[in-house]
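The values are calculated or read from the model by the stated rules, or taken from the named source; none is laboratory data. Because the structure is a prediction, the values reported are computed rather than measured. Cβ placement follows ideal geometry from the backbone for every residue including glycine, while neighbour counts extend to all protein chains displayed. Keep in mind that these areas ignore ligands, DNA and RNA; they rest on the heavy atoms of the full protein, side chains included. Shrake-Rupley method; radii C 1.70, N 1.55, O 1.52, S 1.80 Å.
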Amino acid sequence: NENEGDSGSNNNVPILALMGRFFPFDPENGIPFATSTLVIKESQNRNHAVDDGDGGTGLNVWDGALLLARYLEKKSQIVEGKRILELGGGCGLVGIAAAILGAKHVIITDLSYALPLMKENVLRNESAFRKGNDEKGALVECIECDWFHPPLIRELFTHETASLNGNEHEESFP
């Protein structure tokens, strides 16, 4: 019996192992996307429980993000001229892709540990979604959003938060 001699350890806990990335992605040189190159830096995820909330799954690019970005690339009318809210955006790939494809306002959200890398990626790709001589293009914001304590959608798009007495005031998000 493989469990013999196991004195309370977690050796019987199944491990979820993802066998790597199935879709092409180059974090150094980027990937061709629409009329530009999408460059998204990623970082090794850390153990969320061990790092006291300073890690998780939001620091690398997932195949799902690559697939959704490619889908939007083929059907850009879905995001053109629209306001986009990406929940759990991690590195920001999908939100940045939406901005490149013509969204007018993109809010990318995740937990605080993911925001520095997300903001770095937005800046890294800013020239791709700032078009023309007047530098107009999408407004892209990176905002902390904890799904266990979610704000109202209105608050994410207006940056207003209700105070305890019911009055509303402007508040800057990170």
_For the condition without any contact (Cβ under 8 Å) to a residue 40 or more places away in the chain and surrounded by 14 or more Cβ atoms within 10 Å (Cβ to Cβ), what is the one hit in V140, V122?_
V122
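Table: residues versus (1) open to solvent by 20 Å² or more (accessible area, probe 1.4 Å); (2) in contact (Cβ under 8 Å) with a residue 24 or more places away in the chain.
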| site | (1), (2) |
| --- | --- |
| L72 | no, yes |
| I78 | yes, no |
| I84 | yes, no |
| G88 | yes, yes |
| L93 | no, yes |
*List the number of the failed condition for T158; all other conditions in (1) farther than 20 Å from L87 by Cβ; (2) modelled with pLDDT under 80; (3) out of contact with any strand residue (DSSP E or B) (no Cβ under 7 Å at 6 or more places or on another chain) hold.*
(1)
